[in-house]
């Protein structure tokens with residue numbers, strides 16, 4: 001739906017699906033589509049605090065509060081083994097936030113945390129206030145616990161411990177894309193592909209396995225930070241809706257699409273076409 005706002009062919013297919021949130025600002029002549037999204041997010045927060053609300057609060061508190069979109073980046077739903085990390089923040093290091101809302105249970109948590117511990121320096125579990133006590137009993141000592149209030153504030157009950165000595169080089173390598181791996185190895189070893197592209201992944205994997213673990217992690221963090229550059233440009237604008245920060249980091253819009261999206265988010269819903 002969010003990517004649909006960037007469509008150069010108009011919003012004919014998107015508008016019917018937008019109507020439920022547009023109705024939330026019906027009768028307000030000064031409201032924008034961004035205001036409608038904010039109204040929708042408020043309803044979710046009050047009556048159905050799902051994973052998106054947690055993600056958006058984390059990005060607001062961490063990327064915009066503790067750091068800056070220019071120095072830290074957010075990655076959503078990052079594949080890690082048989083799991084997907086809800087949110088990974090990369091700045092000078094890597095931190096994972098696994099969200100368990102009041103709608104979730106903990107039956108997969110142990111396997112998820114095992115996957116994350118070999119791929120990021122810090123791992124945290126984020127829960128609502130109702131599940132804080134129960135969550136504490138499920139967490140190994142290296143995993144942090146953060147409690148998210150309904151208002152969006154975050155309280156660290158237990159800080160995460162560093163997993164640097166647990167990082168697995170092959171697991172770190174799997175976080176990269178082919179072009180990213182090639183650039184990283186050229187930067188660190190001077191390697192330039194000397195075999196057909198179809199066979200280069202295995203060759204680069206072997207070279208990556210020879211790197212120092214701490215150097216490899218630093219280089220992967222540096223590489224992953226660049227993925228959020230376009231999103232950072234979009235969410236840093238003063239008129240970009242705070243309720244849509246997480247969507248921006250998950251949408252991967254190019255500059256032209258971002259401009260088109262901004263025009264529509266700041267327009268009155270009645271003028272959309």
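Nothing in this text is a laboratory measurement; each read-out follows from the coordinates by a stated rule. Just so we're clear, the structure is a prediction, and the values are computed from it rather than from any experiment.
Using only the Cα atoms of the range 61-173, what do you get for the radius of gyration and for Dmax, in Å?
13.5, 40
Among 180, 259, 210, determine the one that fluctuates most according to a GNM of the chain built with springs between C-alpha atoms less than 10 Å apart.
210
Considering only 22, 157, 59, give the residue with the highest GNM mean-square fluctuation for the chain, with springs between Cα atoms whenever their separation is below 10 Å.
With Cα springs under 10 Å in the chain, the top fluctuation among 22, 157, 59 is at 157.
If the range 8-108 were replaced by its equivalent ellipsoid, with semi-axes equal to the square roots of 5 times the Cα gyration tensor eigenvalues, what would those be, largest first, whole Å? Walk me through the intermediate numbers first.
Numbers: eigenvalues 176, 65, 45 Å².
Sorted largest first and rounded, they come to 30, 18, 15 Å.
Among bridges DSSP assigns within the range 83-210, what percent are antiparallel (round to 5)?
Around 40 percent of the beta bridges assigned by DSSP in the range 83-210 are antiparallel ones.
Counting only C-alpha contacts under 8 Å and six or more residues apart, can you give the relative contact order of the range 133-267 as a whole percent?
16
Run through the DSSP bridge list for the range 29-131 and note the antiparallel percent, rounded to the nearest 5. Before the final figure, lay out the partial values.
On the way: 11 of 17 bridges.
Bridges in the range 29-131 that DSSP calls antiparallel: roughly 65 percent.
Can you divide the C-alpha Rg of the range 168-226 by 2.2 N^0.38 Å and report the result to two decimal places?
1.00
Give or take rounding to whole Å, what are the principal axis extents of the alpha carbon atoms in the range 93-251, in descending order?
The Cα atoms of the range 93-251 stretch 56, 41, 23 Å along the principal axes, largest first.
Among the DSSP beta bridges whose two residues both lie in the chain, what percent are antiparallel, rounded to the nearest 5?
Roughly 55 percent of the DSSP beta bridges within the chain come out antiparallel.
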